[in-house]
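The values are calculated or read from the model by the stated rules, or taken from the named source; none is laboratory data. Keep in mind it's a predicted model, so treat the numbers as computed, not measured. Because the Cβ atoms are built from the backbone with ideal geometry, glycine has one as well, and the counts that use them run over all protein chains shown.
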Amino acid sequence: MPRKALDRQIDKIRRDILEMSELVSDAVLKAITALENNDKKMANEVIIGDELIDNYYTHIKKRVIQTIALHQPVAKDLRFISISLDVAYNLERIGDYARDIAESLDYMNKGYFVLDEISEMGRISSQMSGDAADVFVNENRENIDEILKKEDRVDELYKSVFPTLKNIIEKKYEKYPDALNLILIAKFLERIADHSVNIANRAMYEMSGEEEYL
Amino acid sequence: MDDKNKIMVRKLNLWYTDNHVLKDVDLDIKENKVTALIGPSGCGKTTFIRALNRMNDLIEGVRVTGEVFLDGRNIYDKDVDVVSLRKRVGMVFQKPNPFPMSIFDNVAYGPRIHGIGDKKKLREIVKESLVNAALWDEVKDRLNMNALDLSGGQQQRLCIARTLAVKPEVILFDEPCSALDPIATGKIEDLIHELKKQYTIVIVTHNMQQAARVSDYTGYFLLGEMIEFGKTKQIFENPKKKLTEDYITGRFG
């Protein structure tokens, strides 16, 4: 049985996922940094960079289908290969949200404000996507607790921005478009954190073969 | 595992003189299901299925301990008639081995030695067996042809028809496709799928994908021991033993 050939394909998929997750994590961080600094150039890098993330997704899908067709993997190999599709899908969605955040700069008023809570959500969710991919690629179970703690923090921050933004919408009429945009951005960041938890969930199934939901 | 047991193997040990080939094998073979046995060469798979109809009795120096219950009756009990046992538990071998006679006579051979002489009855049995072995349409106009002139895949289906003709309850397949091309293999696999509606099937195979495709249960043998047995889905998705995982993923063997 050409075991070495299958191992090579698995290694390539692992490397692709790792590179994709680095791009995605970086995109989230850049998107939030661009928002904080009203840095249109950086925002544009995120928007253009999303195409590369999408290409990774397409490439991983192709490699997965080829590997199944040519090597008929079973057991843990099959779990790794099929779950790498789930992981790549979740990473691709995170990339889309990073692009959405970067694009929102175009809709902000001059001299717009960013809440500290949103900055913190951005930094945490960027780390989460990298950590979650690490759980999958390196079977690093130790990251799981950390990811769950971060998700709790993101949810807490997400809930806390609403009263503040509601207050702004009600009292500072000229700032309401920015506040609406920030509500959307907070939602995107909360979704990013959820996708990272999805990745960690799938990674756990890959490791144990049992469905255990976080 | 709610399926009914057709054969229950308990603490089966087998020696070829001093060579301990099967070691404390416990296994339940479910009725109307396909059980695949996988494992590296020399692990005892073939010896094991040959123990299920006492084919090993024919080999000198064989010693067997333990029990094999067929419908609750131990086939190693002293008063068991081995000829009727082998009628109930038929076998198809690795290489097609038709007798050097006509297609008709090959299939009629078993019924004849079991005392069926009526020509009409024999014709019915031959037709039914060939139909069930998915060979009838290919040979119905040349039943008097020498069976050795059939293709390898047809010869193997003829051997299956010959086995079916004596109305067995269990069919043991010992690597039935290893000498066949992919098309003939596909036909035998489809046939096994059909046959399990009426028969209990045990198949030894070196082809892991074949085990995964055709079987409901899979057992993994290594060095004469049954390492893991379970539903095929479980064995190929999430084997419990590392030895099984290493074998089916090609890391060992």
Q | Sole exception among (1) surrounded by fewer than 20 Cβ atoms within 10 Å (Cβ to Cβ); (2) away from chain A (no Cβ under 14 Å); (3) farther than 27 Å from residue B:20 by Cβ for residue B:233, by number | A | (2)
(Q) Quick check on the range A:172-214: of everything there that is hydroxyl-bearing (Ser, Thr, Tyr) and in a helix (DSSP H, G or I), which residue is farthest from the other protein chains (Cβ to nearest Cβ)? (A) A:173
(Q) So the check is Cβ under 6 Å with 6+ separation or different chains; which pairs have a first residue in the range A:49-75 that's over 14 Å from residue A:11 (Cα atoms) and a second one that's of a type in the set (Lys, Arg)? (A) A:50/A:99
Q. So, in the range B:157-195, of the ones that are in contact with a strand residue (DSSP E or B) (Cβ under 8 Å, 6 or more places away or on another chain) and among the charged types (D, E, K, R), which residue ends up farthest from residue B:49 (Cα to Cα)?
A. B:169
Q: Give the residue, chosen from B:133, B:108, that is surrounded by 16 or more Cβ atoms within 10 Å (Cβ to Cβ), among the hydrophobic types (A, V, I, L, M, F, W, C) and touching a Cys at 6+ places or on another chain (Cβ under 9 Å).
A: B:133
Q. Looking at the range A:66-77, is at least one residue in a helix (DSSP H, G or I), away from every other protein chain (no Cβ under 14 Å) and either over 16 Å from the mean Cα position of the chain (by Cα) or surrounded by fewer than 21 Cβ atoms within 10 Å (Cβ to Cβ) (or both)?
A. yes
**Q.** Entirely in the range B:25-109, the strands (runs of 3 or more DSSP E) that have 1 or more residues that are over 21 Å from residue B:198 (Cα atoms), in contact with a Ser or Thr (Cβ under 9 Å, 6 or more places away or on another chain) and of a type outside the set (D, E, K, R)
**A.** B:34-38, B:62-70
Q. Scanning the range B:210-221 for residues that are crowded, with 22+ Cβ neighbours inside 10 Å and either of a type in the set (A, V, I, L, M, F, W, C) or more than 22 Å from the chain's Cα centre (by Cα) (or both), which turns out nearest to the other protein chains (Cβ to nearest Cβ)?
A. B:211
**Q.** Among the candidates A:8, A:14, residue that is closer than 30 Å to residue A:67 by Cβ, surrounded by fewer than 14 Cβ atoms within 10 Å (Cβ to Cβ) and among the charged types (D, E, K, R)
**A.** A:8
Q | Single condition residue B:184 does not satisfy, out of (1) buried (at least 24 other Cβ atoms within 10 Å of the Cβ); (2) more than 14 Å from chain A (Cβ to nearest Cβ) | A | (1)
Q. Assuming residue A:10 fulfils every condition listed in (1) over 16 Å from residue A:122 (Cα atoms); (2) of a type in the set (Val, Ile, Thr); (3) away from every other protein chain (no Cβ under 14 Å) apart from one, which condition is it?
A. (3)
(Q) Restricting to the range A:100-149, give me the number of residues that are among the basic types (Lys, Arg) and under 29 Å from residue A:11 (Cα atoms). (A) 1
Q) Among the residues of the range B:24-52 satisfying the criterion of being touching a Gly at 6+ places or on another chain (Cβ under 8 Å) and surrounded by fewer than 16 Cβ atoms within 10 Å (Cβ to Cβ), which is modelled with the highest pLDDT? A) B:24
(Q) Any residue in the range A:78-97 that is within 14 Å of chain B (Cβ to nearest Cβ) and within 23 Å of residue B:238 (Cα to Cα) sitting within a Cβ distance under 6 Å of a residue that is assigned to a helix (DSSP H, G or I) and hydroxyl-bearing (Ser, Thr, Tyr)? List the pairs, counting only those 6 or more apart or interchain. (A) A:81/A:67
(Q) Which numbered condition in (1) within 14 Å of chain A (Cβ to nearest Cβ); (2) over 21 Å from residue B:32 (Cα atoms); (3) in contact with an Asp or Glu (Cβ under 8 Å, 6 or more places away or on another chain) is the only one that residue B:225 fails? (A) (1)
